[in-house]
Amino acid sequence: MAFFWRRKKDDPFSSSVLGLDKSIEELKAQEEAAERELSARFSRAIEKTRHSINERLDTIFEGRKQIDDRLLDELEEMLISTDIGVGTTMRVLESIRRGVSRQEITDLDALKAAMKRELLAILHGAESRGVADETAVAPDVRPYVLMVVGVNGVGKTTTIGKLAQRIKSEGNDVLICAADTFRAAASDQLEIWAGRAGVQIIQQKQGTDPAAVLFDALAAARARRCDVLVVDTAGRLHNKGQLMAELEKMKRIAGREVSGAPHETLLVIDAVTGQNGLEQARQFTKIADVTGIVLTKLDGTAKGGIAVAIAGELNLPIRYVGVGEQVDDLMVFDPETSVNGLFE
Ligand SMILES: Nc1nc2c(ncn2[C@@H]2O[C@H](COP(=O)(O)OP(=O)(O)OP(=O)(O)O)[C@@H](O)[C@H]2O)c(=O)[nH]1
Ligand SMILES: [Mg+2]
């Protein structure tokens, strides 16, 4: 089986999924239209961030003829205000200062180009660290187990609903496991999302050992020959040690029941929480073997620079971005589209 949802070129709009009955030209046109639609949607989602950056850049450059230290200080402030992070800002500025002193950067366009280059390098650096291209999973391993972790309220359950629908639309049988048994309404909420995505769910009553729910879900997935099992987890327990022990146990069970599982562990981060969220995420990476990031609520912030801070500082690839509350508001993260979109 091919893991369609894991790479951009294997997007649900790709020709392999859309049927073999069409001519190559038709498929190409369809793919191009889908790509245009995707980048337009992404562009809308980061509108606030783009507006904020471009407005600040215009103000910084207004009436100025040359790039001097004061201008660079203002640029530094601007970058930090988008939540790009201090470390990342320093890295970008260092490269810009070099360009300025070599007289390669003399105007706003050259400066934007240099910023884009630097931001892309950071995003690509993190991307290459992930599991995206070299898969450790034998193609016939089923189910492919995808764990979703993150602090409470970041959008785990919503993301699982969106992901399930997406993976299903790519021709896979999907099962959802409600292993957040800590919070009373968690399972009901997930059930609603499973309904929206049109997939089945394995759940048990509140307080059940999450590893036991996972065990059942793995057995069900195997019995039903499901391709993908998506696992919801609790965002908060009584303490960090307990959360760590719970995730460890789930990992152990998954690995015992299915070779190489969990095959992917996605950490969900809420873009609106900015640097705070990043710090929480950093803590989470210490207790779970995170393989990639889902950045949610990108539509709700003017500080979309957080994506670069996450990639640069956690050194983890961003797999998906959430751009709204609807079931199809989840997109594969593409570094080029993102960076170009910020400076249009
Ligand atoms: N605008 C916007 N809202 C989102 C997005 N993703 C999730 N939300 C909203 O964020 C809120 C929390 O989402 P949940 O999916 O319940 O978050 P959770 O991580 O499962 O929360 P807990 O189960 O309490 O840990 C909901 O109101 C969602 O509609 C997104 O991409 N954009
Ligand atoms: Mg939840």
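The values are calculated or read from the model by the stated rules, or taken from the named source; none is laboratory data. These numbers were taken from a predicted model, which means no experiment stands behind them. Using ideal geometry, Cβ is built from the backbone for each residue, glycine included, and neighbour counts are taken over all protein chains shown. We work out accessible area using only protein heavy atoms, side chains counted, and drop any ligands, DNA or RNA first. Shrake-Rupley method; radii C 1.70, N 1.55, O 1.52, S 1.80 Å.
Here Ala121 clears all of (1) more than 19 Å from Ala307 (Cβ to Cβ); (2) among the small types (Gly, Ala, Ser); (3) modelled with pLDDT of 90 or more except the condition numbered (1).
Here Thr49 passes the criteria (1) open to solvent by less than 50 Å² (accessible area, probe 1.4 Å); (2) more than 19 Å from Gln275 (Cα to Cα); (3) in contact with a Lys or Arg (Cβ under 8 Å, 6 or more places away or on another chain) except the one numbered (2). So for segment 257-266 (the condition being in contact (Cβ under 8 Å) with a residue 40 or more places away in the chain, under 16 Å from the mean Cα position of the chain (by Cα), within 30 Å of Glu325 (Cβ to Cβ) and within 16 Å of ligand 1 (Cβ to nearest atom)), does at least one residue qualify? There is at least one residue in segment 257-266 that is in contact (Cβ under 8 Å) with a residue 40 or more places away in the chain, under 16 Å from the mean Cα position of the chain (by Cα), within 30 Å of Glu325 (Cβ to Cβ) and within 16 Å of ligand 1 (Cβ to nearest atom). Within segment 157-175, the set of residues being over 26 Å from Asn276 (Cα atoms), open to solvent by 20 Å² or more (accessible area, probe 1.4 Å) and not basic (Lys, Arg) comprises Gln165, Ser169, Gly171, Asp173. Going by the structure shown, is Thr233 within 22 Å of Tyr320 (Cα to Cα), within 16 Å of ligand 2 (Cβ to nearest atom) and open to solvent by 30 Å² or more (accessible area, probe 1.4 Å)? When the stated conditions are applied, Thr233 does not pass them. The requirement of being within 11 Å of ligand 2 (Cβ to nearest atom) and either in contact (Cβ under 8 Å) with a residue 12 or more places away in the chain or crowded, with 24+ Cβ neighbours inside 10 Å (or both) is not satisfied by Gly198. Restricting Val149, Val154 to those that are under 28 Å from Asn276 (Cβ atoms) and within 10 Å of ligand 2 (Cβ to nearest atom) reduces the list to Val154. Inside segment 282-308, residues that are within 17 Å of Ala126 (Cα to Cα) and within 16 Å of ligand 2 (Cβ to nearest atom) make up a count of 1.
Among the residues of segment 176-192, the ones that are surrounded by 24 or more Cβ atoms within 10 Å (Cβ to Cβ) and either within 19 Å of the chain's Cα centre (by Cα) or not small (Gly, Ala, Ser) (or both) come to 4 in all. If you go through segment 9-36 and keep only what is open to solvent by less than 90 Å² (accessible area, probe 1.4 Å), at pLDDT below 80 and either part of a helix (DSSP H, G or I) or in contact with a Gly (Cβ under 8 Å, 6 or more places away or on another chain) (or both), you end up with Asp10, Ser15, Ser16, Val17, Leu18, Ala34. Every condition in (1) over 30 Å from Glu76 (Cβ atoms); (2) part of a helix (DSSP H, G or I); (3) modelled with pLDDT under 95 is met by Ala194 except one, and the failing one is (3). For residues in segment 218-230 being open to solvent by less than 20 Å² (accessible area, probe 1.4 Å) and out of contact with any Leu (no Cβ under 6 Å at 6 or more places or on another chain), which is farthest from Leu190 (Cα to Cα)? Going through the qualifying residues, I end up with Asp227.
I'd like to check something: does segment 163-174 contain any residue that is among the β-branched types (Val, Ile, Thr), in contact (Cβ under 8 Å) with a residue 60 or more places away in the chain and within 14 Å of ligand 1 (Cβ to nearest atom)? No, segment 163-174 contains no residue that is among the β-branched types (Val, Ile, Thr), in contact (Cβ under 8 Å) with a residue 60 or more places away in the chain and within 14 Å of ligand 1 (Cβ to nearest atom).
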